[in-house]
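The values are calculated or read from the model by the stated rules, or taken from the named source; none is laboratory data. This is a predicted model, so every value here is computed, not measured. Reconstructed Cβ throughout: ideal geometry from the backbone, glycine too, with neighbour counts over all protein chains shown. Heads up: the accessible areas ignore ligands, DNA and RNA and are worked out on the full protein's heavy atoms, side chains in. Shrake-Rupley method; radii C 1.70, N 1.55, O 1.52, S 1.80 Å.
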Amino acid sequence: MEQDTLDRLALDSAFEQARIGLAEGGMPIGAALMNSEGVVLALGRSLVVQQGDPTAHAETVCIRNAGRRHDWASLTLATTLSPCAMCAGASVLLHLRRIVIGENHTFSGREDWLEDAGIEVRVMDDLRCQSMMERFIATRPELWHEHIGSPRGE
């Protein structure tokens with residue numbers, strides 16, 4: 001399969017996780033971990049609200065769900081939103097090969113850290129991801145500010 005097709009499949013899986021999270025009353029952010037053959041190895045969605053855990057971002061949940069591995073450097077992590085410092089740091093620590101980002105318009109994370117660490121970053125500018133996040137921010141600004149670690153109203 002071509003890389004573009006693999007990236008879209010991974011992002012589709014992450015987007016579905018974001019939809020599930022939103023339906024559960026949480027943040028609409030999802031992640032998927034895929035190998036180079038297109039096999040989704042783990043999924044995750046933000047569980048910050050559902051579990052009351054401020055570290056349960058979609059990417060960290062996905063990484064936890066993947067368990068102990070020795071092939072991180074060959075894997076692609078797809079996420080619906082640009083990774084924050086915590087999630088980017090985990091990706092750097094594990095030496096992930098690639099990060100596919102649904103959108104970075106509503107939040108510009110630490111893509112610079114990923115690139116500085118030699119991780120290939122691909123921003124898809126996916127309108128589904130952006131629209132879902134924009135609607136969420138408009139309707140739940142207090143939860144959004146809590147999630148990204150900014151004081152309310154800033």
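Does the range 36-43 include one or more residues that are touching a Pro at 6+ places or on another chain (Cβ under 9 Å), open to solvent by 30 Å² or more (accessible area, probe 1.4 Å) and at pLDDT 95 or above?
no
Among the residues that make up the range 112-119, is at least one of them touching a helix residue (DSSP H, G or I) at 6+ places or on another chain (Cβ under 7 Å), within 14 Å of residue 30 (Cβ to Cβ) and of a type in the set (A, V, I, L, M, F, W, C)?
No, the range 112-119 contains no residue that is touching a helix residue (DSSP H, G or I) at 6+ places or on another chain (Cβ under 7 Å), within 14 Å of residue 30 (Cβ to Cβ) and of a type in the set (A, V, I, L, M, F, W, C).
Considering only the range 111-131, state which residues are touching a residue at least 60 places away in the same chain (Cβ under 8 Å) and either touching a Gly at 6+ places or on another chain (Cβ under 9 Å) or among the aromatic types (Phe, Trp, Tyr) (or both).
Listed by number, the residues that qualify are 124, 126, 128, 129.
Among the residues of the range 1-35, count how many are at pLDDT 95 or above, among the hydrophobic types (A, V, I, L, M, F, W, C) and either farther than 23 Å from residue 131 by Cβ or open to solvent by 60 Å² or more (accessible area, probe 1.4 Å) (or both).
6
For the range 111-132, enumerate the residues that are in a loop (DSSP other than H, G, I, E, B) and either open to solvent by 90 Å² or more (accessible area, probe 1.4 Å) or closer than 13 Å to residue 79 by Cα (or both).
Selection gives 124, 125, 126.
Could you identify the single residue in 108, 74, 91 that is hydroxyl-bearing (Ser, Thr, Tyr), touching a residue at least 24 places away in the same chain (Cβ under 8 Å) and surrounded by 19 or more Cβ atoms within 10 Å (Cβ to Cβ)?
91
Kindly establish whether residue 135 is in contact with a strand residue (DSSP E or B) (Cβ under 9 Å, 6 or more places away or on another chain) and either open to solvent by 30 Å² or more (accessible area, probe 1.4 Å) or part of a loop (DSSP other than H, G, I, E, B) (or both).
No; evaluated as a whole, the condition is false for this residue.
Report yes if residue 76 is out of contact with any His (no Cβ under 6 Å at 6 or more places or on another chain), farther than 21 Å from residue 148 by Cα and not aromatic (Phe, Trp, Tyr), otherwise no.
yes
From the list 124, 132, pick out the single residue that is within 16 Å of the chain's Cα centre (by Cα), within 14 Å of residue 25 (Cα to Cα) and at pLDDT 95 or above.
Going through 124, 132 in turn, the sole match is 132.
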